[in-house]
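Engineer: One structure, as structure tokens, below. Some questions next.
The values are calculated or read from the model by the stated rules, or taken from the named source; none is laboratory data. Source: prediction; values computed, not measured. Because the Cβ atoms are built from the backbone with ideal geometry, glycine has one as well, and the counts that use them run over all protein chains shown.
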Amino acid sequence: MLYSEFLSSGRTISGAMLGAVLLVTISAPGVGLGSSCPSVADPQGINTSEPYQLDLADYENQIGRKLALNENPLFADQVKSGALPAVSERVPEDTLVYMPYDDCGKYGGTLRGLSKALESGTSEILSWRHVNLVRLSDDLQTLVPNVAKLWEWNEDFSSITITLRKGHKWSDGTPFTSDDVVFYIDDLIKNKELHSTVPSVWMVGGKPVDVIKIDDQKFRLDFAAPYPGLLHYLATGGSYFAAYAPKQHYMKYHIKYNPNADVEAKAAGFESWVQRFGLIWHKWKDAENITPHAMTRPTLESHIIELETNTQRRQYVSNPYYFKVDTAGNQLPYIDRHHERFLDQELFVLSILNGEVDQKAQTVGLSNYPVLKEGEEKGDYYLQLPPGNVGPPIVFNQTIKDPRMRAVYGDVRFRKAMSLAINRAELNDVLWLDLGRPEQALPLGVPFVTDAERNYMIEYDTAAANKLLDEMGMKRGSDGMRLHPDGKPFNILWEHSLQFSTSTEFTTLVREYWMAVGINVTLKEITSQLTREKATNSTSDINMEWDVPFEPNLISQIDYYIPPYGDIGPLVGVQWRDWIVTSGATGEEPPAWAKRLFELSEVWKTVLPGSDRYKEIGREMVRINLDNMVIIGTVADLPGPTVVSNKLRNVTKWTVQNYNYGRTYPFRPDQWYYVK
């Protein structure tokens, strides 16, 4: 039974009930254990209530004995000296037991990866280690417990009770309890000095979530309206943003718990306690790992920062208090260290070919597939080609502060003309080996998008594009290039980052298409961070940081599909969003179509996925976005080349390669290991 089918049942649902319905019998019951390591490949009669995992008590009941836990040799000296307790005292009482894909691994090694720079293309390596309350299994449908042990919804999905694992500890050995969730919600997310508005994923029915501590292991989240998409959020696009924070660690920096926090922050050279707190805590966990403070900040992730980060690298070491073990009792993770090297994207392929990378997919680019395929033997790796990628979207900033440019970008005829002027078939052939499909940027895997909508205005039709531009009064000058409707020269400044444009060839080709219909374009490559700053400040002409949402993302994060279409890197309509959330006190009043999207989004959060009302709202939102050509799509259905070292084991087949699915998160990188 899929999660959407659970939702439509209208019953009270617990994690245990979920397991009963989703019972995965991966071998005939009653078969005796032939070795000490049941795995997905050889389950030896072990039955799991969620795919490939179960709680310790359940596992011990099936094997008929207490599971002896084994120490990572990395920690042996610390245990011997008394600096660390034994592994049996470090893991929770109800430890999560993983069945490895192939076999129980060996400890050691350093997992080597590449990112462009700090805060640029780092989500893949973050996904090697990150955790959240729940996880999406590798079938990309089943929600399974992770940090949380189980959960139970009320009948209308407006309240959920979540149970944590007894004895779970932060990486510094301090207890992880419901207090850390309450602290995150009440003192961080709902704190008006840290967040001027409560993030929309925690706002339902026009009100922020309420959190109630029941006991150390149990808490309840209450919403003003049904919120059936919450767990989908935590398991997919929200998996990067842990719904808890170490209260004991942060209390001394927070004004609520330390009246001197502001004075101490100013003495340390900060403007206020808020500025200081913003540098040492961030919902995006990689942002926390930039400063030296990361060396002291505890985490629940599989690996913790080991060396102070610099502009060349970031390095992590195994978390001695990590909460999972394999079926032989070995504490996970197997791999001792993660090494993230920052390198110019143009050098990624060379580094991979030289055998310096163990796993890489993010920003590799399909155009590099032929040379990477040819170099498999030399680089000692193999390639997978999972689906999940799309060509870069293009969004004209209708709310740009420059009034002249706003007058053009705000005219839907201009946006439609620019869509019609793009030769998508040529882009697909030249950049993506003709493996994709020309298509508009629409949600994937949903039941309410038609083929006609996916093909809306994707034809290469310069005559139609020119007609629309003529209607706007954008006459051609003596050089053949079009003027602004005010009669003065017109030029698009397209500032782009390779993280989002994927290649200079993409922007160069699109520029040529637009120049062919008389639109001047100046290209300028800038950093990802600068593109985000400009997008947030509404000073960019074009924005591109958007991953097409799959259905689980849309269910839980409808903000992907309404202005400003993103948080860290908004596309258009920051001022509209501000006007909505402040009831007109700040920002700018949105146009009617944008207002309608905001209205629909509030209802969307409360409806059951798969229901008639769900499909009705989905169809209307698709139509509004298409009619207004907010996001111009290019090519869809692109595979994402994924590099995997031949020395890496317990690596399954990627069934999707996409940020919105948490990159490697569904495929359990904490049970990967090395062979020599």
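Engineer: Return yes or no: is residue 371 at pLDDT 95 or above and part of a helix (DSSP H, G or I)?
Structural biologist: yes
Engineer: Test residue 64 against the stated conditions and say whether it is surrounded by fewer than 13 Cβ atoms within 10 Å (Cβ to Cβ), modelled with pLDDT of 95 or more and not charged (D, E, K, R).
Structural biologist: yes
Engineer: While we're looking at this one, here's another question. When you check residue 321 against the structure, is it within 20 Å of residue 124 (Cα to Cα), of a type in the set (Phe, Trp, Tyr), assigned by TED's automatic domain parsing to the domain that holds residue 654 and modelled with pLDDT of 95 or more, yes or no?
Structural biologist: Spelling it out, it is not the case that residue 321 is within 20 Å of residue 124 (Cα to Cα), of a type in the set (Phe, Trp, Tyr), assigned by TED's automatic domain parsing to the domain that holds residue 654 and modelled with pLDDT of 95 or more.
Engineer: Does any residue of segment 636-645 turn out to be part of a helix (DSSP H, G or I) and surrounded by 19 or more Cβ atoms within 10 Å (Cβ to Cβ)?
Structural biologist: no
Engineer: If you scan segment 107-148, which residues turn out to be within 19 Å of residue 163 (Cα to Cα) and touching a strand residue (DSSP E or B) at 6+ places or on another chain (Cβ under 8 Å)?
Structural biologist: 133, 134, 135, 136, 142, 143, 144, 145, 146, 147, 148 - these are the residues of segment 107-148 that are within 19 Å of residue 163 (Cα to Cα) and touching a strand residue (DSSP E or B) at 6+ places or on another chain (Cβ under 8 Å).
Engineer: I need the full set of residues from segment 536-555 which are part of a helix (DSSP H, G or I), touching a strand residue (DSSP E or B) at 6+ places or on another chain (Cβ under 8 Å) and at pLDDT below 90, in order please.
Structural biologist: Scanning segment 536-555 gives a single hit, 552.
Engineer: What do you reckon, is residue 279 more than 25 Å from residue 168 (Cα to Cα), at pLDDT below 95 and touching a His at 6+ places or on another chain (Cβ under 9 Å)?
Structural biologist: So residue 279 fits the description; yes.
Engineer: Need pairs with beta-carbon distance below 8 Å; first residue acidic (Asp, Glu) and within segment 102-118, second outside any loop (DSSP other than H, G, I, E, B); sequence gap 6+ or separate chains.
Structural biologist: Here the result reads 102/649; 103/649, each pair linking segment 102-118 to a residue that is outside any loop (DSSP other than H, G, I, E, B).
Engineer: How many residues does segment 418-446 contain that are assigned to a helix (DSSP H, G or I) and out of contact with any Lys or Arg (no Cβ under 8 Å at 6 or more places or on another chain)?
Structural biologist: Result for segment 418-446: 11.
Engineer: For the subset of segment 611-633 comprising residues that are crowded, with 17+ Cβ neighbours inside 10 Å and of a type outside the set (A, V, I, L, M), which member is farthest from residue 224 (Cα to Cα)?
Structural biologist: The extreme case among them is 633.
Engineer: Further question: Given the condition in contact (Cβ under 8 Å) with a residue 60 or more places away in the chain and under 30 Å from residue 86 (Cα atoms), answer yes or no: does some residue in segment 254-265 qualify?
Structural biologist: Looking through segment 254-265, none of the residues is in contact (Cβ under 8 Å) with a residue 60 or more places away in the chain and under 30 Å from residue 86 (Cα atoms).
Engineer: Take segment 649-676 and flag every residue that is surrounded by fewer than 20 Cβ atoms within 10 Å (Cβ to Cβ) and within 24 Å of the chain's Cα centre (by Cα).
Structural biologist: The answer is 652, 653, 655, 659.
Engineer: Now, a different point. Out of 444, 435, which single residue is farther than 14 Å from residue 519 by Cβ, at pLDDT below 95 and surrounded by 20 or more Cβ atoms within 10 Å (Cβ to Cβ)?
Structural biologist: Within the list 444, 435, the selection yields 444.
Engineer: Okay, next question. Restricting to segment 120-161, and then to whatever is assigned to a helix (DSSP H, G or I) and charged (D, E, K, R), can you tell me which residue is nearest to residue 181 (Cα to Cα)?
Structural biologist: 129
Engineer: Report whether or not residue 172 is modelled with pLDDT of 95 or more and buried (at least 18 other Cβ atoms within 10 Å of the Cβ).
Structural biologist: No: the conditions fail for residue 172.
Engineer: A further question on this structure: Would you mind finding the one in 470, 479 that is assigned to a loop (DSSP other than H, G, I, E, B) and in the same structural domain as residue 533 (by TED's automatic domain parsing)?
Structural biologist: 479
Engineer: Any chance segment 54-71 includes a residue that's under 30 Å from residue 360 (Cα atoms) and outside any strand (DSSP E or B)?
Structural biologist: Checking segment 54-71: at least one residue is under 30 Å from residue 360 (Cα atoms) and outside any strand (DSSP E or B).
Engineer: Under the condition of being at pLDDT below 95 and assigned to a helix (DSSP H, G or I), which residue from segment 514-529 is surrounded by the fewest Cβ atoms within 10 Å (Cβ to Cβ)?
Structural biologist: 529
Engineer: Something else: Assuming residue 238 fulfils every condition listed in (1) at pLDDT below 95; (2) over 22 Å from residue 299 (Cβ atoms) apart from one, which condition is it?
Structural biologist: It is condition (2) that residue 238 fails.
Engineer: When you scan segment 83-106, how many residues do you find that are outside any helix (DSSP H, G or I) and farther than 16 Å from residue 36 by Cβ?
Structural biologist: The qualifying residues number 11.
Engineer: Give me the pairs: first residue in segment 599-621 and within 20 Å of residue 155 (Cβ to Cβ), second residue at pLDDT below 90 and of a type in the set (Ser, Thr, Tyr), beta-carbon distance under 6 Å, and six or more apart or on different chains, which are they?
Structural biologist: 608/8; 609/4; 610/4; 610/8
Engineer: Sticking with this one: I want to confirm something. Restricting to segment 482-497 and keeping residues that are touching a Leu at 6+ places or on another chain (Cβ under 8 Å) and assigned to a strand (DSSP E or B), which single residue is farthest from residue 532 (Cα to Cα)?
Structural biologist: It comes out as 482.
Engineer: Follow-up. Residues in segment 305-321: is at least one more than 27 Å from residue 357 (Cβ to Cβ), among the hydroxyl-bearing types (Ser, Thr, Tyr), in contact (Cβ under 8 Å) with a residue 60 or more places away in the chain and crowded, with 21+ Cβ neighbours inside 10 Å?
Structural biologist: yes
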